1. What translational D, rounded to a whole number of µm²/s, comes out for the range 66-163 from Stokes-Einstein when the hydrodynamic radius is the Kirkwood one over Cα pairs, at 25 °C and 0.890 mPa s?
2. If the viscosity is 0.890 mPa s and the temperature 25 °C, what Stokes-Einstein diffusion coefficient in µm²/s follows for the range 73-113 when Rh is the Kirkwood radius over Cα pairs?
3. Given a 10 angstrom Cα cut-off, can you work out which residue in 49, 98, 208 is the most mobile in a GNM of the chain?
4. What is the Cα centroid distance between the range 164-183 and the range 205-238, reported in whole angstrom?
5. Taking only Cα atoms and a 10 Å spring cutoff, compute GNM fluctuations for the chain and point out the largest among 217, 70, 152.
6. Gaussian network model of the chain, Cα springs within a sub-10 Å range: biggest mean-square fluctuation belongs to which of 153, 172, 24?
7. One-quarter of the Cα convex hull surface for the chain, in nm²?
8. Tell me what the chain gives for mean residue ellipticity at 222 nm when only DSSP H runs of n ≥ 4 count, each as -39,500 (n - 2.57), the sum divided by the residue total, rounded to 500 deg cm²/dmol.
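A short reminder: the numbers here are calculations on the coordinates, not readings from a lab. Keep in mind that what you see is a predicted model, and the values were worked out from it rather than measured. Positions of Cβ are backbone-derived with ideal geometry, glycine not excepted, and every protein chain shown enters the neighbour counts.
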Ligand SMILES: O=C(O)CCC(=O)C(=O)O
């Protein structure tokens, strides 16, 4: 598949790239089925997969049909060794695109399956992936691939990007909050909604401002985010260092990949 020079330039200029048909319908089906097995607890318990219930459901303010439909996200599936999600993180079609954007040597730092369940799926406020939870130096070598497992629309709370905002670099909490306040007031111009069929993907820079709305529909909007860093970055987070997943290329002494 690969990407063209124009697409690479667009990514560097706007901070994101949208690619359809990254997965075949059969590949989407395999991932959906696995996500459901994990959410329903049908696989042997994997204590390294973290689950988060929608906050309003947790507080008893909203009701979901069942546990699966109450989940906001599941995190660390590939990193916990789930073979379906780990294979996706290493999928040649995705790795090839990330390599074109960041170079040949890649490590998976984090992975998260955003469930955005029907009706109770909550808003994800405007944020930057970096530095929220990614401890690397230099900080800019982080790219996320967000793959749609369901149709992703305005109505079911698709992701939205603010083009070019990655060029602002890391923002303060107050600056991010002011973008969120403008978005909620309907005064943020230029947002690009990530409207995708199942199997399409958005690739985004670690500093781009992005958000997603509540899910107003009766349909789920699942998206699987794999967050890649360059293998030569230094890990600057708490010790002991977690296990990351080597994806491609070389490893480097003293780096996250060592
Ligand atoms: O799927 C969502 O609603 C949020 C995803 C996100 O923030 C990310 O992939 O970085």
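1. Numbers: Rh = 15.3 Å.
Estimated diffusion coefficient is 160 µm²/s.
2. On the way: Rh = 10.7 Å.
Taking Rh from Cα pairs, D becomes 229 µm²/s.
3. 49
4. Spelled out, the Cα-based centre of one part sits 16 Å from the other.
5. Result for the chain, Cα springs under 10 Å: 217 fluctuates most.
6. Judging by the Gaussian network model, the answer is 172.
7. Numbers: hull surface 54.7 nm².
Averaging across all directions leaves 13.7 nm² for the Cα convex hull.
8. Details: 6 runs with 59 residues, N = 258.
Taking each H run of at least 4 residues, the total per residue is -6500 deg cm²/dmol.
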